[in-house]
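J.: One structure, pasted below without further comment.
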Ligand SMILES: [Zn+2]
């Protein structure tokens with residue numbers, strides 16, 4: 001699931017759409033599970049969504065924790081959470097049969113590069129990169145834009161959330177009002193970090209780091225990497241961590257989330273940026289999905305192990321990450 005760096009990478013990309021108008025919408029999201037909910041999966045909400053969105057100009061794009069807000073001139077905002085497998089892409093698309101496909105052309109990022117390396121068109125289709133990457137083909141939502149291109153949402157497992165909200169009401173939404181501080185804000189200091197952690201003294205540190213009401217934006221990948229770097233066992237209870245060890249967790253949090261953004265996000269799974277391209281943070285993993293591998297920390301002879309902590313897979317070194 002995309003975490004702060006992936007969502008920020010998407011938001012940074014979406015900012016290129018500011019000033020464009022949304023001229024039309026298409027979607028095949030439709031699930032009875034969402035009946036009555038503010039989600040375009042419910043046809044009743046999709047009708048309201050269309051009214052607030054079609055004809056509106058994109059005024060701004062903002063991230064709050066793992067949520068995306070696209071602010072519109074209609075006084076409404078598109079509220080999106082990519083959940084398990086969703087990602088937005090911008091390019092030229094065309095309707096083929098029941099679905100949409102990226103058009104071949106200069107706006108289909110990654111294609112020219114692919115052509116240099118492969119011989120046949122079949123190979124491009126099979127192994128394509130950019131907008132033709134197989135993970136980019138699950139197009140469930142298409143916004144036609146005034147520049148003639150499209151903003152689409154590819155979502156293999158169909159869990160993404162997209163809804164229409166009043167821009168003025170965003171901070172009072174149930175999902176937003178409960179969020180903890182943004183870890184990359186300048187106001188997020190070591191003392192603020194200690195203060196928010198102290199709300200969950202009996203929690204396990206990995207679980208607490210991933211709790212969106214404590215800190216915004218950290219998920220399974222970055223929590224594993226933060227704790228590996230800080231040398232703290234994921235099952236350590238917050239109240240039992242000596243104050244001197246909180247500082248390395250705080251620094252690792254800021255450093256790794258920034259690094260995640262610098263590397264264009266993490267594409268270990270299906271995350272892609274808005275040009276349909278992979279990020280590179282997965283090449284930096286020292287713990288996440290490294291079970292069975294020797295620990296790479298200098299002077300450490302441990303092994304990375306995997307264990308369920310708070311219902312999630314934790315990956316950590318059995319030697320230098322201390323309880
Ligand atoms: Zn180690």
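What follows draws every value from the coordinates through simple rules; no lab data is involved. Bear in mind that the values here come from a model prediction, so they are computed numbers and not experimental data. Please note: Cβ atoms are built from the backbone with ideal geometry, for glycine as well, and neighbour counts cover all protein chains shown.
J.: Going by C-beta contacts inside 10 Å, put 26, 228 in order with the fewest on the left.
T.: Ordered from fewest to most neighbouring Cβ atoms within 10 Å, 26, 228 come out as 26, 228.
J.: Percent of alpha carbon pairs in segment 4-177 separated by more than 19 Å?
T.: 57
J.: Return a whole-number percent for the relative contact order of segment 4-177, with Cα pairs under 8 Å and 6 or more residues apart as the contact set.
T.: The value is 27 percent.
J.: For segment 205-224 and segment 229-304, what is the centre-to-centre distance using only Cα atoms, to the nearest Å?
T.: Centre-to-centre (Cα) distance: 12 Å.
J.: Let me ask something else. Using a 10 angstrom cutoff on alpha carbons, build the Gaussian network for the chain and name the most mobile of 131, 184, 257.
T.: Greatest mean-square fluctuation among the candidates belongs to 184.
J.: Normalised by the residues of the chain, what does the relative contact order come to in percent, with Cα pairs under 8 Å and at least six apart?
T.: Value for the chain: 19 percent.
J.: Sort 194-205, 277-288 by packing, meaning the average of other beta carbons within 10 Å per residue, with the highest value first.
T.: Top to bottom by mean Cβ count within 10 Å: 277-288, 194-205.
J.: Using only Cα atoms, tell me the angle between helix 243-262 and the longest principal axis of the chain; keep it within 0 to 90° and round to the nearest 10.
T.: The answer is roughly 20 degrees.
J.: At a temperature of 37 °C and a viscosity of 0.692 mPa s, determine how fast segment 135-276 diffuses translationally according to Stokes-Einstein, using the Kirkwood radius over alpha-carbon pairs as Rh; express D in µm²/s, rounded to the nearest whole number.
T.: Using the Kirkwood radius from Cα pairs, D works out to 189 µm²/s.
J.: Can you give the translational diffusion coefficient of segment 210-323 in µm²/s, computed by Stokes-Einstein from the Kirkwood radius over Cα pairs at 4 °C and 1.567 mPa s?
T.: 89
J.: Just from its helices, what would the mean residue ellipticity at 222 nm be for the chain, if runs of 4 or more DSSP H residues each count -39500 (n - 2.57) and the sum is divided by every residue, rounded to the nearest 500 deg cm²/dmol?
T.: -7500 deg cm²/dmol
J.: Fewest Cβ neighbours within 10 Å first, please rank 316, 46 accordingly.
T.: Fewest-to-most Cβ neighbours within 10 Å comes out as 46, 316.
J.: If only Cα atoms are counted, what is the Rg of the chain, and what is its Dmax, in Å?
T.: Calculated on Cα positions, Rg and Dmax stand at 20.9, 61 Å.
J.: Kindly put 138, 88, 79 in sequence by how many other C-beta atoms sit within 10 Å of each C-beta, fewest to most.
T.: Ranked by crowding around the Cβ, least crowded first: 138, 79, 88.
J.: Of the residues 150, 132, 301, which exhibits the maximal mean-square fluctuation in a Gaussian network model of the chain defined by a 10 Å Cα contact cut-off?
T.: 301
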